[in-house]
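Everything below concerns the one structure shown next.
The values are calculated or read from the model by the stated rules, or taken from the named source; none is laboratory data. In this text the structure is predicted, and so the values were computed from the model without any measurement. Backbone-built Cβ (ideal geometry, glycine too); neighbour counts: all protein chains shown. For accessibility, only protein heavy atoms count, side chains too; no ligands or nucleic acids. Shrake-Rupley method; radii C 1.70, N 1.55, O 1.52, S 1.80 Å.
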Amino acid sequence: MSIEGLDWSVATAAMPGEIESGDRHVVCPLSDGVLVAVIDGLGHGAEAAAAARVAAGVLQEHAGEPVTALVERCHDSLRTSRGVALSLATISSHARVMTWAGVGNVEGLLRRAQPGRPDEKLLLRNGVVGSHLPPLQASEVALQCDDLLVFATDGVAHDVARTLPVRGTLQAIADGALARGNKGIDDALVLLVRYRGGDS
C-alpha cells in the first residue's frame, strides 16, 4: 500500500486460541507525510483488543499533533483500561525526517538502505500508556530513499527486525518476518514502512 511518498505493509496474527488480536496498527495520512503507529494492548484477548482500539481511535482523531502529545492523549483515554505499549512515528516526506517515540516494548528499528550506514533503534521508555507514563522525549532521524521502518510487537522475536531484507516486496517481507518470528505465545504484529523519498 502507498501513501504520500511511502509504501507500507502489515502482517499480524492473534495468539492461538484467541478470536481477536490485541495488537493494532495505525497509518494516517498527514498534509506532508504520514503518522504510523503500532499498539500492543497488555496481555491478550478481548480486554487487550479493547484498549488497543481506544488508542487507535485517539491517534486517528488527532493524527496531526506531535508524537508526544499523541502518547499523552492516549494515556488520558486509557486510564480505565489495562493499558497499552505504543510506538509511533510521524514521517515528513518532503523534509525527509522521521520523529518517533515509544513507551513499552513495541520494537522500532530503521533499517538503512545505503550500505555502511548503521541502523537506528528507537529508544523505548519503560511504562504503560494508560497506567504509568514516563517522561517523554521524541527523537528525529533523517531519512534517505528506501530506508525501511520496522515496528514489531513483543509477540515477534527481537532478532527478526535486525535481519529483515531492506529491499524486496514489502508484503512478502512482512509475511516472512511474521512466519519466522511469531513466538506463538502472544499476539504478534509487524508493520513495515519504506520511505520512497520526497520532492528534490
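If one computes the Cα centroid of segment 150-200 and of segment 27-61, what distance in Å separates the two points? A separation of 17 Å, based on Cα centres.
Using only the Cα atoms of segment 62-129, build the gyration tensor, take square roots of its eigenvalues as a ≥ b ≥ c, and label the shape rounded, prolate or oblate: rounded if a/c is under 1.5, else prolate if a/b is larger than b/c, else oblate. Cα axes put segment 62-129 in the oblate bin. Show log10 I(q)/I(0) for the chain at q = 0.17, 0.19 Å⁻¹, two decimals, from a solvent-free Debye sum over equal Cα scatterers. The Cα Debye sum returns log10 ratios of -1.09, -1.36. In the chain, excluding the sites themselves, the longest stretch lacking any of the trypsin sites (Lys or Arg not before Pro) that are in a DSSP loop with at most 15 other Cβ atoms within 10 Å is 80-166. Candidates G116, V103, G83 compared by Cα position along the dipole of segment 68-119: farthest toward the positive end lies G116, with charges placed on Cβ.
For segment 109-179, what does the alpha-carbon gyration tensor say about shape, rounded, prolate or oblate, given a ≥ b ≥ c as the root eigenvalues, a/c under 1.5 as rounded, and a/b over b/c as prolate? The shape class here is oblate. Solvent-accessible area per residue in the chain equals 43 Å², computed with a 1.4 angstrom probe and all protein chains kept. Residue-wise HN-Hα couplings along segment 28-38, as the Karplus relation 6.51 cos²θ - 1.76 cosθ + 1.60 with θ = phi - 60° gives them from phi, are 10, x, 10, 4, 9, x, 7, 9, 10, 8, 10 Hz; Gly and Pro carry x.
In a simple Cβ point-charge model (Lys, Arg +1; Asp, Glu -1; nothing else charged), segment 29-96 has a dipole of about 100 debye relative to its Cα centre.
With the simple spin-label model, which puts each label point 7 Å out from Cα in the Cβ direction, the K183 to A69 separation comes to 3.5 nm. The residues packed around L133, meaning those with a beta-carbon under 12 Å from its beta-carbon, carry a net charge of +1 if Lys and Arg are +1 and Asp and Glu are -1. A cut-off under 9 angstrom between Cβ atoms defines the neighbours of A49, and their net charge, with Lys, Arg +1 and Asp, Glu -1, is -3.
Note on A50/N105: beta-carbon distance plugged into 1/(1 + (r/R0)^6) with R0 of 22 Å gives a FRET efficiency of 0.70.
Here the 3J(HN,Hα) profile of segment 125-137, calculated from phi with Karplus coefficients 6.51, -1.76 and 1.60 at θ = phi - 60°, is 8, 6, x, 9, 5, x, 10, 9, 9, x, x, 9, 8 Hz, Gly and Pro shown as x. Charged neighbours of V38, selected by a Cβ distance under 12 Å, balance to -4 (K, R count +1; D, E count -1).
Mean separation of Cα pairs under 8 Å and 6 or more residues apart, divided by the residue count, gives the chain a relative contact order of 26 percent. Suppose each label sits 7 Å from its Cα in the direction of the beta carbon; what would the H94-A142 distance come out to in nanometres? Distance between label points: 2.0 nm. For the residues S92, S31, S2, S139, a 1.4 Å probe over the protein chains yields an accessible-area ranking, largest first, of S31, S2, S139, S92. For the pair H62 and I19, a Förster radius of 30 Å applied to the C-beta separation gives a FRET efficiency near 0.55, rounded to the nearest 0.05.
I'd like the carbon and sulfur percentage of the solvent accessible area for segment 110-169, probe radius 1.4 Å, heavy atoms only, ligands and nucleic acids excluded. Write down the numbers at each step before the final one.
Details: 1540 of 3170 Å².
After summing per-atom areas, the C and S share lands at 49 percent.
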